[in-house]
Amino acid sequence: IPSSDTYVEKDSSINEEIERLRLSTTSSLLTRRDVIVVASVSCIYGLASPVDFLEMLLTVKTGQVLAREALLLKLVDMLYERNDVDFGRGKFRVRGDTVEIQAGSEDDVAIRIEFFGDEVDRISRFDPLTGHTHEQLSVATLFPAKQFVTPADKLQLAMRSIRVELDERVAWFERNGKLL
């Protein structure tokens with residue numbers, strides 16, 4: 001605070017909690033009709049595009065034909081991190097034909113997807129600390145691990161636009177003798 005020459009230390013754990021709450025709120029807003037959000041402007045300022053966020057979700061059903069590797073690639077696209085040792089929010093781990101995912105908005109529950117070949121054999125909700133299964137699910141909807149996600153087609157379009165602009169700028173510098 002400049003007027004009193006006071007330093008206010010930031011706590012990164014608060015920022016992580018705010019991010020968790022943002023993800024949870026966004027997920028609820030996009031999937032339920034009975035949600036009202038009461039928040040300060042600073043909490044919701046700069047939220048990502050809800051259309052992009054919704055486009056990036058993944059629904060997995062028991063009996064669905066889905067290659068394990070395809071699921072892993074989709075999780076990476078959804079900004080999940082693979083970490084077989086330090087399992088936590090926004091991470092997934094792989095153990096043989098089993099993939100365990102902890103959503104970015106959850107601290108005490110995770111999803112376990114078990115495969116038999118290229119078919120989803122079983123989906124369950126479990127405690128990531130104890131491994132105890134809470135319930136079997138027939139379907140699980142996974143939201144992106146982070147608030148700011150962009151679908152691949154939008155990324156490709158942006159990269160092409162950047163390349164075109166870069167080429168135009170380089171050509172301008174060459175024409176004007178300003179490129180070394």
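The values are calculated or read from the model by the stated rules, or taken from the named source; none is laboratory data. Note that the structure is a prediction, hence the values are computed from the model and not measured. With ideal geometry, Cβ positions are generated from the backbone for all residues, glycine too; neighbour counts draw on all protein chains shown. Ligands, DNA and RNA are excluded from the accessible area calculation, which covers all protein heavy atoms including side chains. Shrake-Rupley method; radii C 1.70, N 1.55, O 1.52, S 1.80 Å.
Tabulated values for the structure
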item	result
Index of the failed condition, PHE148 passing every other in (1) under 20 Å from MET78 (Cα atoms); (2) open to solvent by 80 Å² or more (accessible area, probe 1.4 Å); (3) in contact (Cβ under 8 Å) with a residue 12 or more places away in the chain; (4) out of contact with any Leu (no Cβ under 9 Å at 6 or more places or on another chain)	(4)
Restricting the stretch 127-145 to residues that are over 17 Å from PHE87 (Cα atoms) and free of Cβ contacts under 8 Å to residues at least 24 places away in the same chain, the residue that is surrounded by the fewest Cβ atoms within 10 Å (Cβ to Cβ)	GLU135
Residues of the stretch 25-68 that turn out to be at pLDDT below 90, surrounded by 13 or more Cβ atoms within 10 Å (Cβ to Cβ) and outside any loop (DSSP other than H, G, I, E, B), as a count	11
Selection count where residues are among the hydroxyl-bearing types (Ser, Thr, Tyr) and either under 16 Å from ALA145 (Cβ atoms) or loosely packed, with under 13 Cβ neighbours inside 10 Å (or both), scope the stretch 85-126	1
So ASP86, is it of a type in the set (D, E, K, R) and in contact (Cβ under 8 Å) with a residue 12 or more places away in the chain	no
Those residues of the stretch 71-97 which are β-branched (Val, Ile, Thr) and either touching a helix residue (DSSP H, G or I) at 6+ places or on another chain (Cβ under 8 Å) or modelled with pLDDT of 95 or more (or both), in sequence order	VAL94
